[in-house]
Amino acid sequence: MGEPAAQSSGPRENVLLAKGDSDHKAVKMPLCRKVCYAVGGAPYQMTSNAIGFFMQIFLLDVVQMEAFYVSLILFLGRAWDAITDPLVGYLVSRSGKTRFGKLIPWAVFSMPFGVLSYILLWYTPQDTMSAGFSFTWYFTMYCLFQTFMSCYHVPYSSLNMFLGGDQRDRDSATAYRMGVEVFGTLAGSAIQGQIVGVYHARKAQACNVHNTTDLSIADLDATMYQNATSSISDTLHNTRMAYVIAAVIIGGFYFLCCMVMFLGVKEQLAPLSTLDKLQMPYLSGVKCIVKHTPYIRLVFGFLFASLAFQMAQGNFALFCTHAAGLGAYFQHLVLILLVAATLSIPVWQILLVKVGKKTTIFMGLSIYIPTLAIIACVRSNLPVYVLMSISAGSSLAALYLLPWSMLPDVVDDFKVKNPTCKDLEPLFYSCYVFFNKFGGGMSLGISTLALHFAGYQPGACKHNAAVITTLRVLFAPVPIGLLLVGMLLFYFYPINEERRQELKKELEKAQEMEERTMDVNMSL
């Protein structure tokens with residue numbers, strides 16, 4: 001399905017391979033390779049968005065863990081995950097090539113451990129657990145899963161630079177990847193939401209009996225109250241089993257997608273890259289990267305924009321359940337949002353080509369601000385929430401596509417300006433993922449901690465006014481503020497379409513000069 005893996009046993013062979021790439025610039029990247037590469041991105045989005053949408057409500061209302069401990073798991077777990085990304089990136093850079101390549105083996109060999117730890121993350125060992133045991137179990141499983149997922153996702157994302165083809169092919173492959181990843185998000189959330197959502201809806205209906213007209217238990221029919229209490233208990237047990245079933249199904253897709261990537265993609269040498277072992281020390285490599293101004297502006301713009309989306313995403317289920325009165329419908333709203341995101345990817349790709357990446361990302365992110373404001377101000381109006389979910393999904397697609405499409409341009413800019421610093425691509429991508437994941441951990445940790453101080457009661461059917469107000473603030477004003485900061489940083493991002501064309505010419509010229517130098521050295 002793809003070309004044989006690039007092998008080299010010495011400098012001369014590396015030169016010949018690089019020449020091959022240079023001499024065949026017109027050769028387009030095969031569609032099959034783009035699709036197989038794109039399919040490999042689905043597991044990360046399927047699992048991370050299932051965690052993003054459902055982990056908070058799972059730990060609070062299903063496991064019934066105290067909000068303070070939930071905040072520790074979500075924040076410390078994501079902090080651990082973020083720290084491991086640059087380390088994994090460095091280890092990948094330091095690893096040697098095999099007959100299957102340098103990057104792909106990391107993804108394949110880490111996959112079984114990632115699948116197992118993901119399933120255990122949603123497993124409840126006992127119906128009743130002490131706070132210490134519950135915290136230890138879920139924190140351990142969370143850290144293990146995120147570590148194995150880093151071993152999968154860091155080399156996978158770096159693979160974008162080693163697919164062959166030119167800039168346009170690379171952007172096209174990124175668009176295919178983002179389309180499949182959004183579809184993976186849709187599939188993961190649909191699987192999780194449709195399996196567990198029915199039980200959340202049943203609990204909401206049972207809770208309505210307790211909350212009916214705010215009467216005391218003495219005023220309610222005793223049989224009705226006992227039936228409702230029993231229904232809540234039975235539903236809780238079934239909900240826990242449903243989460244495990246959903247995890248097993250998503251784990252199966254994780255395995256299949258990894259195999260498609262392994263069979264359909266072979267690594268190709270990129271200009272000014274060798275895929276050899278990185279000789280530079282870890283801190284020196286990171287220092288080179290963080291000194292590159294376009295990278296820093298892109299990373300922090302992505303960080304604040306991602307923080308805004310993840311803050312709203314992480315609180316969406318709780319907001320719909322407790323603040324909007326639409327707890328029975330939130331899984332359907334998630335599904336609508338992700339369908340809209342999937343269908344919007346081609347639209348943003350067309351705009352990206354016509355008006356440029358920088359302009360397109362401003363257009364995409366701007367849609368999210370009025371959407372959040374309307375959702376936060378409207379209560380129990382399902383049609384309005386459906387329309388706003390479509391709008392939010394369209395904006396989410398822009399966040400998926402544009403920053404990842406802009407990163408290869410930054411790497412090219414770095415190569416041109418620092419021709420002696422080679423094979424740093426995994427570090428670039430791992431540090432990029434680091435900020436995204438650290439932002440996600442911060443958003444969930446801060447959100448849950450705020451709910452803890454507001455008086456959130458795990459498993460409760462009704463919450464005080466402070467909790468509702470906190471949910472509204474976390475869902476709209478805070479994300480809007482973060483998004484505005486991110487857009488300001490993107491405004492100062494220096495690589496526009498004119499600079500992209502200059503980079504293409506400079507990269508080709510640098511590649512030709514390097515080939516001539518290597519030819520002279522080999523002839524001496």
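Side notes on the structure shown:
- Of the residues Ser134, Ser130, Ser157, Ser117, the single one that is in contact (Cβ under 8 Å) with a residue 40 or more places away in the chain and farther than 30 Å from Met280 by Cα is Ser134.
- Residue in segment 182-197 that is at pLDDT 80 or above, under 23 Å from Phe434 (Cβ atoms) and not hydroxyl-bearing (Ser, Thr, Tyr) present: yes
- Enumeration of residues in segment 119-170 that are of a type in the set (Asp, Glu) and either touching a helix residue (DSSP H, G or I) at 6+ places or on another chain (Cβ under 6 Å) or not in a helix (DSSP H, G or I) (or both): Asp127, Asp166
- Tally of residues being within 16 Å of the chain's Cα centre (by Cα) and either polar (S, T, N, Q) or under 22 Å from Leu352 (Cβ atoms) (or both) across segment 127-155: 3
- Where helices (runs of 4 or more DSSP H) sit wholly within segment 1-63, those with at least 3 residues that are among the aliphatic types (A, V, I, L, M), farther than 30 Å from Tyr400 by Cα and at pLDDT below 50 occupy 11-23.
- Of all residues in segment 236-261, those that are assigned to a helix (DSSP H, G or I) have Cβ atoms under 6 Å from Cβ atoms of residues that are polar (S, T, N, Q), 6 or more apart or on another chain, in Arg240/Thr124; Ala246/Gln192.
- So Ser110, is it in a helix (DSSP H, G or I), out of contact with any strand residue (DSSP E or B) (no Cβ under 6 Å at 6 or more places or on another chain) and without any contact (Cβ under 8 Å) to a residue 60 or more places away in the chain: yes
- Filter result for Ala397 (among the hydrophobic types (A, V, I, L, M, F, W, C), farther than 24 Å from Phe183 by Cβ and either open to solvent by less than 40 Å² (accessible area, probe 1.4 Å) or outside any helix (DSSP H, G or I) (or both)): no
- The conditions of being crowded, with 24+ Cβ neighbours inside 10 Å and farther than 24 Å from Gly301 by Cα are met by Ile375.
The values are calculated or read from the model by the stated rules, or taken from the named source; none is laboratory data. These numbers come from a predicted model, not from an experiment. Methodologically, a virtual Cβ is constructed for each residue, glycine included, from the backbone with ideal geometry; neighbour enumeration extends over all protein chains shown. Only protein heavy atoms, including side chains, enter the accessible area calculation; ligands, DNA and RNA are left aside. Shrake-Rupley method; radii C 1.70, N 1.55, O 1.52, S 1.80 Å.
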